[in-house]
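**Student:** I'd like to ask some things about the structure below.
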Amino acid sequence: MPYFDAASTAPLHPLARQALLSALDEGWADPARLYRDARRARMLLDAARETVAAELGARPDEVVFTASGTQANQLAVLGALAGNHRKGRRFVHSAVEHSSVLHAAEQHEAAGGSTGSVPVDALGRVDPERFALELPPGTALAALQSANHEVGTVQPVAEVAERCAAAGVPLLVDAAQSAGRLAVPEGWSLLTASAHKWGGPAGVGLLAVRKGVRYRSPLPADDRESGRVPGFVNVPGAIAAAVALRAVRQQAERLNPAQHARIDRLRTELPALVPDLAVLGDPARRLPHLLTFSCLYVDGEALLGELDRAGFAVSSGSSCTSSTLTPSHVLAAMGALTEGNVRVSLPDDCTDADIDRFLEVLPAAVAAVRAQLGPAASAAPAASAASAASETPTADTLVLDTLGRRCPIPVIELAKHFAEVPVGGLVAVLSDDEAARLDIPAWCGMRGQEYRGEQPSERYGPDGGTAYLVRRSS
């Protein structure tokens, strides 16, 4: 079964497996003690730390091991804000950071701090100049991921780091998706990563804090890991993580071009094979192994099930598959279609035959899901968006009541009935599904119709939701 979800967790690297099994015998003791087995564990832990530091461009005494990349992010955010509180209490981050960073920001805000979110463009990329505008006096910390975990866009970290340095603001870089595959960007003050993303074992994260960067642990005091991470260190896991990181860094020069070529092939061929498919993210400045696309009139969970039955393991950031039924914050920030979202991330052992098979399977899988959910409208030329302020309900307005129905039903109902209105006619889709605010404008962009904005649903009938207005342009 082709495994196309390496961005969630990569298979354990063979060398990491060997190192882990050996370390379970050699590195089991407490590295903080002084007897022989403990000294041996300490030597192994120090060697792992030195290896990781060298691969990340850090000093060994700047690197500590955590229980996960999520923990590393949250410790980095809260610890750096605590250490720099004399500068102020403002925390700035991109709108597409990992949820662990955003949850830490929420906690900071709940404790009386302030936050700022820097928007991204349609490719998921921040503008360094726009980022700089969010760094007024009183900013204690900024955060920018090295590459996005959902769409693979590589961020201009070095350029943003220059702006942060000029403003005297430390920069946290979440390198979870890029570490091991790409060189670590210059200019970071704090760096985080997660071993299972590059073929190390799960349960090992990394936090690096540059010398001179003020940091105070947000957790109770402990003498482990320079006082930054309490509890017993997972020595065997740290050793395996270091071995895997060195191995994947050495093979990246050979593997990255092949992965780029396979993803480029998918980017080119998928839109031609599947109608109403949008490829997301930056086509050039991106991770070599990751591709995300969205399909109109498709339930994401149902599509993942079809692909699973066909033998492919993929993931989805779609609102339809999240536990809260809310849209992906990354896709929302990009203004991208959230329904029928699929993320393909290739493992190291992916072959051209796997890509051939995926291109063969996907069209049938999408068609099967669409057949279950209902017919779609035909394509039309592009048109512009406009404001709903001037729209007034008339007897000719087609009202589609989808209140209480979730993604992708509002868009499916819109497509199913759109031909019932004449050119120039207005459709009001009533919905209380949060994803509709993103997906209906995206549908208009893909199908070339005129999105007129939104109004309260009671102007068109039942209360309790929003009316999304579409004017037929052709």
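**Student:** Give me the accessible area per residue for region 93-169, probe 1.4 Å, as a whole number in Å².
**Tutor:** Ligands and nucleic acids excluded, the figure is 36 Å² per residue.
**Student:** Stokes-Einstein D for region 203-345 at 25 °C, 0.890 mPa s, Kirkwood Rh over Cα pairs, in µm²/s?
**Tutor:** Answer, rounded: 132 µm²/s.
**Student:** Moving on. Compute the Cα gyration tensor for region 1-75, then decide on rounded, prolate or oblate, letting a ≥ b ≥ c be the square roots of its eigenvalues: rounded whenever a/c is under 1.5, prolate when a/b is larger than b/c in the other cases, and oblate in all that remain.
**Tutor:** Cα axes put region 1-75 in the oblate bin.
**Student:** Tally up the carbon and sulfur contribution to the accessible surface of region 137-241 as a whole percent, 1.4 Å probe, everything protein left in place.
**Tutor:** C and S atoms contribute 52 percent here.
**Student:** Still on this structure, I have one more. Mind checking the angle between helix 436-447 and the chain's longest principal axis? C-alpha axes, 0 to 90 degrees, to the nearest 10.
**Tutor:** 70
**Student:** Once the Cα gyration tensor of region 18-171 is found, what semi-axes does its equivalent ellipsoid get, as square roots of 5 times the eigenvalues, in whole Å, sorted largest first?
**Tutor:** So the equivalent ellipsoid measures 35, 18, 14 Å along its semi-axes.
**Student:** Normalised radius of gyration for region 72-113, please: alpha carbon Rg relative to 2.2 N^0.38 Å, two decimal places.
**Tutor:** Ratio of Rg to 2.2 N^0.38 Å for region 72-113: 1.06.
**Student:** Right, something else. Taking only the alpha-carbon atoms of region 164-276, what semi-axes of the equivalent ellipsoid follow from 5 times the gyration tensor eigenvalues under a square root, in whole Å, largest first?
**Tutor:** After scaling each eigenvalue by five and taking roots: 34, 20, 14 Å.
**Student:** Taking a probe of 1.4 Å, how large is the accessible area per residue of region 396-454, in Å²?
**Tutor:** Heavy-atom SASA per residue in region 396-454 reads 35 Å².
**Student:** Got a number for carbon plus sulfur as a percent of region 5-105's accessible area, 1.4 Å probe?
**Tutor:** The C+S portion of the solvent-accessible surface of region 5-105 is 56 percent.
**Student:** So how long is each side of the chain along the principal axes, counting just the alpha-carbon atoms, biggest first, in Å?
**Tutor:** 85, 54, 34
**Student:** If you don't mind, there's one more thing I want to ask. For region 23-76 and region 175-228, what is the separation of their Cα centres, given in Å?
**Tutor:** Measuring centre to centre over Cα atoms gives 12 Å.
**Student:** Quick one: Debye curve from the alpha-carbon atoms of region 97-239 only, equal weights, vacuum; give me log10 I(q)/I(0) at q = 0.14, 0.17, 0.22 Å⁻¹ to two decimals.
**Tutor:** Calculated log10 I(q)/I(0) at the listed q: -0.73, -1.08, -1.60.
**Student:** Right, here's the next one. Expressed as a rounded percentage, what relative contact order does region 229-297 have, with Cα pairs under 8 Å and six or more residues apart?
**Tutor:** Relative contact order here is 27 percent.
**Student:** Using the Karplus equation 6.51 cos²θ - 1.76 cosθ + 1.60 (θ = phi - 60°), what ³J(HN,Hα) coupling, rounded to whole Hz, does each residue of region 73-81 give in order, writing x for Gly and Pro?
**Tutor:** Running phi through 6.51 cos²θ - 1.76 cosθ + 1.60 with θ = phi - 60° gives 4, 5, 5, 4, 5, 5, x, 5, 5 Hz.
**Student:** Over region 269-309, what is the relative contact order in whole percent, taking alpha-carbon pairs under 8 Å and six or more residues apart?
**Tutor:** RCO, region 269-309: 33 percent.
**Student:** In debye, nearest 20, what is the charge dipole magnitude of region 138-279 about its Cα centre with +1 on Lys and Arg Cβ and -1 on Asp and Glu Cβ, if you could check?
**Tutor:** Roughly 360 debye, rounded to the nearest 20.
**Student:** Another question, then. On a 0 to 90° scale, report how tilted helix 300-309 is relative to the longest principal axis of the chain, with both axes built from alpha carbons and the result rounded to the nearest 10.
**Tutor:** Around 70 degrees separate the two axes.
**Student:** Would you mind telling me the antiparallel percentage of the DSSP bridges in the chain, rounded to 5?
**Tutor:** Counting only bridges with both partners in the chain, antiparallel ones make up about 60 percent.
**Student:** Tilt of helix 157-167 relative to the longest C-alpha principal axis of the chain, in degrees (0 to 90, nearest 10)?
**Tutor:** 80
**Student:** Note down the relative contact order for region 81-205 as a percent, whole number, built from C-alpha pairs under 8 angstrom at least six residues apart.
**Tutor:** 21
**Student:** Taking a ≥ b ≥ c as the square roots of the Cα gyration tensor eigenvalues, with a/c under 1.5 meaning rounded and otherwise prolate when a/b beats b/c, else oblate, which class fits region 231-301?
**Tutor:** oblate
**Student:** Right, another one. Express in Å², to the nearest 10, the accessible area of Val118 obtained by rolling a 1.4 Å probe over the protein heavy atoms while all chains stay in place.
**Tutor:** 0
**Student:** Please give the per residue accessible area of region 254-298, computed with a probe of 1.4 Å over protein heavy atoms only, in Å².
**Tutor:** Result: 35 Å² of accessible area for each residue.
The values are calculated or read from the model by the stated rules, or taken from the named source; none is laboratory data. Quantities reported herein were computed from a predicted structural model and do not represent experimental measurements. No Cβ is skipped: glycine too gets one built from the backbone with ideal geometry, and neighbour counts run over all protein chains shown. With ligands, DNA and RNA removed, areas are computed over all heavy atoms of the protein, side chains included. Shrake-Rupley method; radii C 1.70, N 1.55, O 1.52, S 1.80 Å.
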